[in-house]
Amino acid sequence: MTSAHAQRGRKSNRQAREGRVRHLAGIRMVALFEAAKGLIVIMVGCGLLALIHRDVQAVAEEIVRLLHINPSRHFPRVFLDAAGAATDARLWALALAAMLYAAVRFAEAYGLWHGRSWAEWFAILTGGIYLPIELYELTVSVTIVKVAVFAINLFIVAWLSLVRWQARGSDS
């Protein structure tokens, strides 16, 4: 009887380890995704720094022209208006905010890569915060990009929540 109990215990421990290894591969994919977001934001921040002491309005108009976007449309107009209001101080502040955001993404990616439960909880929280906003945006207008962003974010939050649910009690 005792050996049967020990055998069941070893089997359940092995299954738990196998499940955790399987989950770790998926968690590492999420970590790479978070690190990629951090890299993109760093590039944007560096781009903002490159605009300091330059005519940001002229650069924005050139971007709109090169992309063959109608400048009288809503989003190009918002972009051009923001560029017109840009100052060196605002560019520095935005670049600093981008670097801080990237640092958070990198910390999350590091924690996820190394299988830290705090990083999984943090990813659930930070991803979950955006879901109501993304859902609202879908009620305003449906585009393939909005649907894709919402679906990916929902999948990641739901999957990480499932991983945390299955791991409950094993984190000491």
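Note on Met99, Met43: ascending count of other Cβ atoms within 10 Å places them as Met43, Met99, the fewest first. Using a simple spin-label model with pseudo-atoms 7 Å out from Cα toward Cβ, Met99 and Thr87 lie 2.1 nm apart. Available extension along the chain between Leu32 and Val78 is 13.4 nm, counting 0.36 nm per residue and deducting the alpha carbon span.
How much net charge surrounds Val104 when only the other residues with a Cβ under 14 Å from the Cβ of Val104 are counted, with Lys and Arg +1 and Asp and Glu -1?
Details: positive: Lys37, Arg105; negative: Glu34, Glu108.
Computed value for this residue: 0.
Assuming R0 = 45 Å, can you tell me the calculated FRET efficiency for the pair Ile52 and Arg116, based on Cβ-Cβ distance, to the nearest 0.05? It comes out at approximately 0.75. Across segment 34-141, Cα pairs under 8 Å and at least six residues apart give a relative contact order of 37 percent.
Reported value for segment 63-149: 149 Å³ per residue, from the convex hull of its C-alpha atoms.
Peptide packing: for 26-35, 66-75, 127-136, the average count of neighbouring Cβ atoms within 10 Å per residue gives the ranking 26-35, 127-136, 66-75, highest mean first. Converting phi to 3J(HN,Hα) with the Karplus coefficients 6.51, -1.76 and 1.60 and the offset θ = phi - 60°, segment 69-74 yields 9, 6, x, 8, 6, 4 Hz in sequence order, with x at every glycine or proline.
Please arrange His53, His23 by counting, for each residue, the other beta carbons lying within 10 Å of its beta carbon, fewest first.
Ascending Cβ contact count within 10 Å gives the list His53, His23.
The phi-based Karplus calculation (6.51 cos²θ - 1.76 cosθ + 1.60; θ = phi - 60°) puts the 3J(HN,Hα) values of segment 85-99 at 8, 5, 10, 4, 5, 5, 5, 4, 5, 5, 5, 5, 4, 5, 5 Hz, whole numbers, x for Gly and Pro.
Every read-out reported here was derived from the displayed coordinates using simple, explicitly stated rules and does not represent laboratory data. Please read these numbers as outputs of a predicted model, since none were measured by experiment. Cβ coordinates were reconstructed from backbone atoms using ideal geometry, including for glycine residues, and neighbour counts include every protein chain displayed.
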